[in-house]
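The values are calculated or read from the model by the stated rules, or taken from the named source; none is laboratory data. Because the structure is predicted, anything quoted here is derived from the model rather than measured. Here the Cβ positions follow ideal geometry from the backbone for every residue, glycine too, while neighbour counts run over all protein chains shown. These area figures cover heavy atoms from the full protein model, side chains too; ligands, DNA and RNA do not enter into them. Shrake-Rupley method; radii C 1.70, N 1.55, O 1.52, S 1.80 Å.
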Amino acid sequence: MCGIIGIVGNRPVADRLVDGLKRMEYRGYDSAGVCTLHDGELVRRRAEGKLNNLVEELERADAPGTTGIAHTRWATHGAPVTKNAHPHATPAVALVHNGIIENFKELRDELRAEGRSFESETDTETVVHLISREIEKGSLPQEAVKNVLPRLRGAFALAIAFRDYPDMLIGARLGSPLVVGQGEGEMYLGSDALALAPLTQQIAYLEEGDWVVITNDTAIVRDVEGNEVEREFRNSGASASAIEKGNYRHFMQKEIFEQPTVVAQTLRSYLRQGEQQVALPQMDFDISEIDRITLVACGTSYYAGLVAKYWFEQFARVPVDIDFASEFRYREPVLPKGGLALFISQSGETADTLAALRHCREQGQVIAAVVNVPTSSMAREADLLLPTHAGPEIGVASTKAFTCQLAVLAALAAHFAVKKGLLTREEEAEIVEHLLEAPACLNAALDHDDDIAAMAHLIAPARDVLYLGRGADFPLALEGALKLKEISYIHAEGYASGEMKHGPIALIDEDVPVIVLAPSGPLFEKTVSNMQEVQARGGKVVLISDAEGIAEAGEDCMATIQMPKVHPLIAPLVYAVPVQLLAYHVAVAKGTDVDQPRNLAKSVTVE
Ligand code: M6R
């Protein structure tokens, strides 16, 4: 999604603005721009496509000045072309925006009726005109912003520059994140702490409805009512090196290989190793009284939730409803008071999930959130925060966040069961033991990287690929298909293996590879029968299983990928690795942009 950076500096800012944009490239974008204040003018440079194009534009015509704003745009209203790139400007005001102004049509009509003309197709341009109109009427920038913000419906993070006030910027947020950074004689605005990491670690997080006026050495924050409020600067801990690739070719590859470490790190805060017990954060509600869970998430986080549904129902015997966040509110779910609503999100900012969370709060649900970014909106708004400790995830395709989510959810399911009196001490100890085996098993799975790379050429030419799994491995089939689609642009679908015969089997021919996830164990025989139904119709199968499974069923397969033998509880964590690696190597073989696949954004902050 769009990335914002603003600097009120004591030395030229253009290069540093572009550097900040580079650090937000991972969010996904299709055009970029900067605007600086210089010699009583707003100096604006914009370019469509990759940041290099903006850099070239700045080489042709520089942007001097010590104050400026910059933006990477992920198109919502209007094509990804230069005229729609931010900053949008009038002669007196320039601004950048992340979010959507839902009532922009009505605002634009109002402004057009006054004779104002628009140069872009964006919703954002209406905001710049509204603020300019106030300035033209003689308002100070602060008054202008204060008058305009209540007129905007939707979501926004804004950074606004004023031609006649070269040592000041105004930022505002509602529904989209914005932080303020404090440097040495400089002040910054940014979409996140990572964007500002090389400039400062001192970060204040704006709350919903806040707006802030920054100068070189002041940041005055006002809340939605216009009252001056304190938002403390804290050390963000965001290190500049956290978003470097090290020796890896891609962030996604680095993040796949980080999984043993970050899953171990995550488990450490949810398990008491010595006592073989699960240990969750203090809860100010009685979990044993919860008799229903509503799980809501998007994308990969939703698939983590689907796996967790199996665990909650199996261990804690509590019914689980699960929805895509974008659908949730629209089916008017029944939410009896006191139910637990559990949200899963890497970013903690996904607009659909956040809207669902707020809806559940209004309906009297207890709100729990499994979130990777501890300073995010969801983390702040939850009654119970269950952090994953995956560290910054930069690759658009989520990998390590997923396995860390599974680790937290497995611990939560076990805790729930213990509190409901459904697990004996021995059973709890056994679960803890299996979870603690996960990091070593993930390492063993990663050992097969070369084998998977060597077989990627079998999948790369395919137009369609199917993934099959049963039980808690079915969500893994969905996740495998999503990974492949996202980064290699091959059409892929995941199916419950037993569901094939009810329709999808009609798709089978020798050009449609079928990836079967089948760890040996209670469900193995059934999955293999479904696999054989595929093979009997000429289907080419890649079997992902352990040595035992491959010995039993691997003979007629196009290829096999061997995994370590694991307990069924941790199979979804371990089998995530081969599906991630397969998607990764197929994408590399196809030469696609692995870390920033087309059309996608890392954190989707619009509904
Ligand atoms: O930040 P979130 O976990 O809320 O994001 C949800 C989805 O947008 C995300 O998982 C998306 O599907 C990924 N690109 C999957 O790899």
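The trypsin sites (Lys or Arg not before Pro) found in segment 256-356 that occupy coil by DSSP, while having at most 12 further C-beta atoms within 10 Å, are R317, K337. Across the chain, the mean sequence separation of Cα contacts (distance under 8 Å, 6 or more residues apart), normalised by length, yields a relative contact order of 12 percent. Think of a 1.4 Å ball rolled over the protein heavy atoms: segment 53-132 then has 36 Å² of accessible area per residue. A 1.4 Å probe, protein heavy atoms only, puts the accessible area of C2 near 10 Å². Rounded to the nearest Hz, the phi-derived 3J(HN,Hα) couplings of segment 309-323 under the Karplus curve 6.51 cos²θ - 1.76 cosθ + 1.60 (θ = phi - 60°) are 4, 4, 5, 4, 6, 5, 7, 9, 6, 10, x, 10, 9, 10, 9, where x marks glycine and proline.
Per the Debye calculation on segment 19-155 with a single equal scatterer at every Cα and no solvent contribution, log₁₀ I(q)/I(0) for q = 0.15, 0.22 Å⁻¹ amounts to -0.74, -1.41.
The residues neighbouring N247, those whose beta-carbon lies less than 15 Å from its own, together hold a net charge of -1 under the Lys/Arg +1, Asp/Glu -1 convention.
Per-residue packing, averaged as other Cβ atoms within 10 Å, sorts the ranges 39-52, 203-216 into the order 203-216, 39-52, beginning with the highest. Rg of the Cα atoms in the chain, relative to 2.2 N^0.38 Å, amounts to 1.01. For segment 511-607, the per residue solvent-accessible surface stands at 36 Å², with DNA, RNA and ligands left out and a 1.4 Å probe. Note that segment 58-109, at 25 °C in a medium of 0.890 mPa s, gets a Stokes-Einstein diffusion coefficient of 187 µm²/s from its Kirkwood radius over C-alpha pairs. Among the GluC sites (Glu not before Pro) in segment 473-519, those located in a DSSP loop and surrounded by at most 11 other Cβ atoms within 10 Å of their own Cβ are E510. Over the chain, dividing the summed -39,500 (n - 2.57) contributions of all DSSP H runs of at least 4 residues by the number of residues returns a 222 nm mean residue ellipticity of -10500 deg cm²/dmol.
What does the net charge come to around P564 if you take all other residues with beta carbon closer than 13 Å to its beta carbon, with K and R at +1 and D and E at -1? With Lys, Arg at +1 and Asp, Glu at -1, the net is -3. A simple rule links phi to the HN-Hα coupling: the Karplus curve 6.51 cos²θ - 1.76 cosθ + 1.60 with θ = phi - 60°, which for segment 97-107 gives 8, 10, x, 9, 8, 5, 9, 5, 5, 5, 5 Hz, with x for Gly and Pro.
Mind checking the log10 I(q)/I(0) for segment 455-607 at q = 0.12 Å⁻¹? Debye, one equal scatterer per Cα, no solvent, two decimals. Rounded to two decimals, the profile gives -0.46. Computed with the Debye formula from one identical point scatterer per Cα of segment 9-48, without solvent, the log10 of I(q)/I(0) at q = 0.26, 0.28 Å⁻¹ comes to -0.97, -1.04. Protein heavy-atom accessible surface, 1.4 Å probe, per residue over segment 371-417: 17 Å². Between N103 and R153, the built amide H atoms are under 5 Å apart, and every one of these is 5 or more places off in sequence or on another chain. Computed over the alpha-carbon atoms, segment 112-215 gives an Rg to Rh ratio of 0.99, Rh here being the Kirkwood radius from the mean inverse distance. Only Cα pairs under 8 Å and 6+ residues apart enter the sum, and on that basis the relative contact order of segment 155-299 stands at 15 percent.
Between amide H atoms placed 1.01 Å from N, distances below 5 Å from T388 occur with V371, N372, all of them 5 or more places distant or on a separate chain.
Annotation note: GluC sites (Glu not before Pro) in segment 241-329 located in DSSP loop regions with a Cβ neighbour count of at most 14 within 10 Å are E244, E275. Using alpha carbons only, the radius of gyration of segment 312-372 set against its Kirkwood radius gives Rg/Rh = 0.95.
Each residue of segment 517-595 gets 96 Å³ once the volume of the Cα convex hull is shared out per residue.
Could you give me D for segment 179-257, from Stokes-Einstein at 37 °C and 0.692 mPa s, where the hydrodynamic radius is the Kirkwood radius over C-alpha pairs? Units µm² s⁻¹, please. Diffusion coefficient, whole number: 236 µm²/s. 3J(HN,Hα) couplings calculated from phi for segment 169-185 with the Karplus curve 6.51 cos²θ - 1.76 cosθ + 1.60 (θ = phi - 60°) are, in sequence order, 10, 10, x, 8, 9, 7, x, 10, x, 8, 10, 10, x, 10, x, 7, x Hz; Gly and Pro show x. Charged neighbours of E228, selected by a Cβ distance under 11 Å, balance to -2 (K, R count +1; D, E count -1). The listed residues H97, H585, H77, once ranked by accessible area (1.4 Å probe) with the largest placed first, stand as H77, H585, H97. When DSSP beta bridges are restricted to pairs lying wholly in the chain, around 60% turn out antiparallel. Here the chain has 47 percent of its accessible surface on carbon and sulfur atoms, given a 1.4 Å probe and all protein chains in place. Across segment 370-432, the fraction of Cα-Cα pairs farther apart than 15 Å, rounded to a whole number, is 59%.
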